Amino acid sequence: AIRITPFFKWAFVLVALIPRNLFQAASLSADGPTNAIALLLTAFILHAVFGRDRSLRKWDVLLILILSVLLSLAKQFYLPLVGMVFLIPVDKFRGWRQKIIFCTIVIGAAVLSTGIWSMMIRDLYQLWKEANAPEQMSLVMARPWAFVVVAVRSLLVSWGSLAFSMIGV
């Protein structure tokens, strides 16, 4: 990812060396590979957007597609990161039609693979304590802004501990 990104190479180095990322990379969890895939996908898309190549090569298109699917399978939370494909300019394609087809295929494949995987493992998921996932989802769907408010308040309350756990003391 560091070699591929067209700029901010040291920013990629710093993100990769954040204490939390080093800890996760050394542990036996999916977080290390997930972070690596996210950085690699970001680097490939930045290269596609700002690189000197006039158009995307077939190899680049295939790698962006594969990394998008792998990232969406690793953690659904990272699925919006796949939306960065919309940043790739039209002049890297043969026109608007090819760009729309590419973006639709990449995002569709990521969403479809996430959906299929979620359906396959839904019976394996163990709820925490008294949690009721269907009830929580219906509440979020009924009042999405209330969910956003709760998420923002949670972030504002716990930003200090999150920063210390990500960056270190």
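The values are calculated or read from the model by the stated rules, or taken from the named source; none is laboratory data. Here the structure is a predicted model, which is why all the values come from computation and not from measurement. Quick reminder, even Gly has a Cβ in these numbers, built from the backbone with ideal geometry, and neighbours come from all protein chains shown. Surface areas here come from the heavy atoms of the whole protein model, side chains and all, with no ligands, DNA or RNA. Shrake-Rupley method; radii C 1.70, N 1.55, O 1.52, S 1.80 Å.
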Next on the checklist: Can you tell me which of (1) within 25 Å of Ile167 (Cα to Cα); (2) modelled with pLDDT under 85 is the one Ser55 doesn't meet?
Outcome noted: (1)
Checklist entry - Which fully enclosed helices (runs of 4 or more DSSP H) of segment 1-56 have 2 or more residues being farther than 27 Å from Val90 by Cβ, within 17 Å of the chain's Cα centre (by Cα) and not β-branched (Val, Ile, Thr)? => result 19-26, 31-50
Checklist entry - Pairs under 6 Å by beta carbon, first residue open to solvent by less than 50 Å² (accessible area, probe 1.4 Å) in segment 28-45, partner of a type in the set (Phe, Trp, Tyr), six or more apart or different chains? => result Ala38/Tyr78
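Table: residues versus (1) touching a His at 6+ places or on another chain (Cβ under 7 Å); (2) of a type in the set (Ser, Thr, Tyr).
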residue	(1), (2)
Ile4	yes, no
Lys9	no, no
Phe12	no, no
Ile18	no, no
Asn21	no, no
Ser29	no, yes
Thr34	no, yes
Leu63	no, no
Gln76	no, no
Checklist outcome for this item: Of the candidates Val140, Val69, the one satisfying the condition of being free of Cβ contacts under 8 Å to residues at least 12 places away in the same chain and out of contact with any Cys (no Cβ under 8 Å at 6 or more places or on another chain) is Val140
Item to check | Test: Ala163 is free of Cβ contacts under 8 Å to residues at least 12 places away in the same chain, part of a helix (DSSP H, G or I), small (Gly, Ala, Ser) and open to solvent by less than 80 Å² (accessible area, probe 1.4 Å) | outcome: yes
Checklist outcome for this item: Residue set Lys75, Lys99, Lys129; condition within 30 Å of Phe50 (Cα to Cα) and either of a type in the set (Phe, Trp, Tyr) or over 16 Å from the mean Cα position of the chain (by Cα) (or both); output residue Lys99
Checklist entry - Do you know which of the residues in segment 8-51 that are among the hydroxyl-bearing types (Ser, Thr, Tyr) and within 27 Å of Leu62 (Cβ to Cβ) is modelled with the lowest pLDDT? => result Thr34
Next on the checklist: Which condition from (1) buried (at least 18 other Cβ atoms within 10 Å of the Cβ); (2) under 30 Å from Lys99 (Cβ atoms) is the one that Asn21 breaks?
Outcome noted: (2)
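In segment 57-142, which helices (runs of 4 or more DSSP H) lie fully inside it and hold 3 or more residues that are open to solvent by less than 50 Å² (accessible area, probe 1.4 Å) and either over 25 Å from His47 (Cβ atoms) or aromatic (Phe, Trp, Tyr) (or both)?
96-121
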Checklist entry - Any residue in segment 77-91 that is in contact with a Pro (Cβ under 8 Å, 6 or more places away or on another chain), touching a residue at least 24 places away in the same chain (Cβ under 8 Å) and closer than 18 Å to Ala1 by Cβ? => result no
